[in-house]
Amino acid sequence: EPIDGINVQAINSTRILFSTITEDLVIYEITEDGLELQSSVDLGGEIGCTAVHNTTSRAIVGLTDEDDHFVTLLNLDDLSILHSWSVDGPITDCTFRHNGAEVLWSLNDAIVQRQASDPYSFLSIIQTESAVIQFEEVHLDDEIIALTGTLGEQQLLESWNTINQQLNWRMQLGMQTHVFSLSTDASEIAFA
């Protein structure tokens with residue numbers, strides 16, 4: 001049942017993460033009997049994008065605290081912050097690479113790739129022509145599909161190579177959209 005100020009942020013096969021109006025991240029374990037509260041943590045800012053890695057106990061969270069913006073890597077077992085990156089603006093989307101060794105996030109007109117373990121180094125940046133609304137990785141093809149543009153106007157769908165950060169193709173959608181989803185084999189794309 002919807003509750004004001006509580007949003008589902010991320011789901012994997014064992015956990016659901018909610019954000020609250022009081023800027024807490026609340027973690028529920030999925031059991032055979034339903035949902036069981038595991039823990040909660042105040043990350044010190046408004047929670048934006050959130051992604052959970054399916055095989056590790058880690059989450060990446062975009063945070064905004066007044067004028068400052070961060071991307072935080074969190075250990076879900078003990079709710080410790082593994083690393084936090086200061087960024088220049090709000091994060092619109094974030095995820096783990098399929099191998100779990102890297103994290104990706106979109107910031108304005110760029111998709112940033114960093115290591116998800118110490119030393120948390122910068123790896124690459126994909127520079128799009130307009131703001132990134134959402135992106136998804138095509139796991140077997142070293143490809144990222146990005147929805148770009150401005151909400152309320154026509155958007156573009158772009159395919160980028162994650163190895164050389166080069167544009168594979170760009171398609172104008174001819175419609176307004178704000179979210180898309182790829183099929184498991186990336187052969188179909190659905191839009192809202």
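The values are calculated or read from the model by the stated rules, or taken from the named source; none is laboratory data. Worth saying up front: this structure is predicted, and the values here are computed from it rather than measured. When we count neighbours, we look across all protein chains shown, and the Cβ atoms used for this are built from the backbone with ideal geometry, even at glycine. These area figures cover heavy atoms from the full protein model, side chains too; ligands, DNA and RNA do not enter into them. Shrake-Rupley method; radii C 1.70, N 1.55, O 1.52, S 1.80 Å.
Dimensions of the range 1-55 from C-alpha coordinates, computed as largest minus smallest value along each principal axis and given longest first, are 31, 26, 17 Å. Take the Cβ atoms of S130 and E36, set R0 to 45 Å, and the FRET efficiency comes out at 0.60.
Under the convention that each Lys and Arg Cβ holds +1 and each Asp and Glu Cβ holds -1, the size of the dipole of the chain around its Cα centre is about 520 debye.
Using 0.36 nm per residue, how much length does the chain from S86 to I6 gain when fully extended, once their Cα-Cα distance is taken away?
Between S86 and I6, full extension yields an extra 26.3 nm.
At 0.36 nm per residue, and after removing the present C-alpha to C-alpha distance, how many nm does the segment from E66 to H139 gain when stretched out fully?
Gain in length upon complete extension: 22.7 nm.
Average accessible surface for the range 1-116: 51 Å² per residue, computed with a 1.4 Å probe over protein heavy atoms with every protein chain in place. Dimensions of the range 126-192 from C-alpha coordinates, computed as largest minus smallest value along each principal axis and given longest first, are 32, 25, 15 Å.
Under 1.5 on a/c is rounded, so check that first for the range 1-99, then, if it is not, pick prolate when a/b is larger than b/c and oblate when it is not; a ≥ b ≥ c are the square roots of the alpha carbon gyration tensor eigenvalues. Oblate is the answer for the range 1-99, as a/c is 1.5 or above yet b/c matches or exceeds a/b.
Entry note, the range 2-128: relative contact order of 13 percent, from Cα contacts under 8 Å with a spacing of 6+ residues. GNM on the chain, alpha-carbon springs under 10 angstrom: the most fluctuating residue among W85, W105, W160 is W85.
On the beta carbon distance between D77 and S183, with R0 = 25 Å, the FRET formula returns roughly 0.20. Once Rg and the Kirkwood radius are both taken over the C-alpha atoms of the range 48-103, their ratio Rg/Rh works out to 0.96.
Springs join every pair of Cα atoms under 10 Å in this Gaussian network model of the chain, and among E66, E143, E23 the largest mean-square fluctuation is at E66.
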